[in-house]
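The values are calculated or read from the model by the stated rules, or taken from the named source; none is laboratory data. Note that the structure is a prediction, hence the values are computed from the model and not measured. We place every Cβ from the backbone using ideal geometry, glycine too, and count neighbours over all the protein chains shown.
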Amino acid sequence: TFTARRIFVGADTLRGSHPVSLRHVPTPASFGSASVFLDDAGGTSVCNPRVNEATLQNAGPECNPDFHDATLDHWDLSNLDLHGVDFSGATLIDCKFAGSSLADANFSDVTLEGGDFERVDLSTATLDGITMSAPISVAPSAVPKHWQVVGGHHGWYLVGPGADLTGEDFTGATFDGTDLDGTNLQSAVLTGVKSSGILGTPILPTQWTVVGGHLLGPTVNLDGLDLSTLTLTRVDLDGATARGANLTDVDLTRAVLRGVDLEGATLVDSILDHAVLSNANLHGADLTDASARNADFTDAEVIDAVFANADLTGAIKVDLGNARSLCGATLPNGSPGPDC
């Protein structure tokens, strides 16, 4: 690892540099046969190691940096003027950009494996098609419109349209108004993810989907969210948590709600026909006027749940002994509940 000050290529570009301050460094294979020298005496620009024009001798703003398709492994590019630099197609492995200017930099199709973007403004950078194969340790201060910095289980991710986040771990992350159009989240870990206002159509793991701007799938976090009136037929929410969620008038026909925590949730007028609610927690949930015909309540907890005017015809193994209200309900055997 080294701190880059000015990079020169070839003897013709060394004029004006103090000989004592120059040192030759190993050149990445992707730069071909170029000879790279570092000037530690001063300056803050990084110039194209592939170009040997005379303009590089002063490493001034007229340089045209180009790291296209390069592989930079643990490069320290901190506190540099890298505005407009072309990193497109490059592989950047744990590179440090802390405090650098990356205005208008091109990171399209970059593979980003870790890195430090402390105090870096990427709001005008191009991130199209970026692949993140590992999270970054320090997040940038700003990102382009439609992009977000999302905290994952082990670090930070740049998330936006077309990003490739295959297999990454987003346990417990929050996606709020994120544009995921074309974003590849195949095989990603989405345990405990919470979301709202999702835009576009991402590529998701099996059994996951986007409905009403929410990422929905096994183990998702829906606590306190308003999902009212959504059509969630056959959705798989196995092991999810939806404590206090508003599920009024939601169609959950044949949904998999196995082990879902619905404590205090509102399911008024919801449709749960043929849904699987085994081992679900419905403590204090309100199912007034709900339809749960032939739903499976095996080992479900329904203490203090309200089933007023609910239709439970054919419901499987539902223990209503501790329910708060069965007024006007139709019981599993088709008989009417108490008239109260």
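Kindly establish whether A290 is closer than 17 Å to D251 by Cα and either within 34 Å of the chain's Cα centre (by Cα) or modelled with pLDDT under 95 (or both). No; evaluated as a whole, the condition is false for this residue. Total residues in region 157-183 satisfying the condition of being in a strand (DSSP E or B) and surrounded by 19 or more Cβ atoms within 10 Å (Cβ to Cβ): the figure is 6.
Scanning region 222-233 for residues that are under 13 Å from T174 (Cα atoms) and buried (at least 22 other Cβ atoms within 10 Å of the Cβ) gives a single hit, L222. Tell me, yes or no, whether region 136-146 has at least one residue that is in a loop (DSSP other than H, G, I, E, B), charged (D, E, K, R) and modelled with pLDDT under 95. Yes, region 136-146 contains a residue that is in a loop (DSSP other than H, G, I, E, B), charged (D, E, K, R) and modelled with pLDDT under 95.
Examine region 80-93 for a residue that is in contact (Cβ under 8 Å) with a residue 24 or more places away in the chain, closer than 19 Å to H153 by Cα and assigned to a strand (DSSP E or B), and state whether such a residue exists. No.
A quick yes/no check of all residues on (1) β-branched (V, I, T); (2) in contact with an Asp or Glu (Cβ under 8 Å, 6 or more places away or on another chain):
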| position | (1), (2) |
| --- | --- |
| Y157 | no, yes |
| P161 | no, yes |
| T191 | yes, no |
| H214 | no, no |
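Would you pick out the residues in region 91-112 that are of a type in the set (D, E, K, R) and crowded, with 17+ Cβ neighbours inside 10 Å? Across region 91-112, the qualifying residues are D94, K96, D109. Here are some residues: A308, A280. Which one is out of contact with any helix residue (DSSP H, G or I) (no Cβ under 6 Å at 6 or more places or on another chain), crowded, with 24+ Cβ neighbours inside 10 Å and in contact (Cβ under 8 Å) with a residue 12 or more places away in the chain? Within the list A308, A280, the selection yields A280. In the set S195, S187, only one residue is at negative phi and modelled with pLDDT of 95 or more; that residue is S195.
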